[in-house]
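Rule-based calculations on the coordinates, nothing more; no lab input. Everything quoted here is computed from the prediction, not taken from an experiment. Every residue, glycine as well, gets a Cβ built from its backbone with ideal geometry; the counts of neighbours run over all protein chains shown.
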Amino acid sequence: MKNPLPTDSYDFACFSIGGTGYIGSGWDDNISWSTTTFYSYDPIQDLWTQKPDLPFTSREFALGLGTSTKGYIGFGDVATAQSSAVLGDIYEYDPVFETWRALPSLSPRNAAVGFIINDQVYCGGGRIPSSYFPYEYYDFYSLDTSTSTAISNIPFEAVSFLVYPNPTSGSLKIDYSLKNKSIIKIELFNILGDKIKIIAEELKDAASILHNQI
């Protein structure tokens, strides 16, 4: 038997990317509300790791899908003990930068179906639950992942700072610090404001960092 699930939630969305599994959101009886918690699973170490909370509306009965490089969560119910609403939004997860991007929404529904073929996302179907006039969907889509809007729990801040030696003849050092785990992007500009190159673009833990560039 493997390590048990790290959450008391259920009806969560799940997907895998490469050799890592992910579960997120779902219903939590402890708070009588759907939750935004998100976890990854390493099958080699049999280890669950809590990731940053989902930066979008919590839900249950959502669809989860994963390609070789990205994960997707969409649709579902946002619920409390007293009421619920059906959702049609869809989000794409990048495990390298731990960021989410909002994709174009479809009609609200839960219990949607989907699968991946050659890293292309297909989804559709589902229903709008109602005790009076339930509505069932039979539509089906090849999901357009080229149009998206970045969303994240990680704040964005643009900072200009000096490098040394300056001027440089090809070798330079950049000294900076991070208070929190952050996505860093270091771009080099000349004195005319023209971008010369992207030196680094990656996810970094909180630390004081000396970046050497040749």
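Taking Rh as the Kirkwood radius computed over C-alpha pairs, what is the Stokes-Einstein D of region 13-151 at 37 °C in a medium of viscosity 0.692 mPa s, expressed in µm² per second?
It comes out at roughly 213 µm²/s.
Could I have the simple spin-label model distance between I44 and E136, label points 7 Å from Cα toward Cβ, reported in nm to one decimal?
4.5 nm
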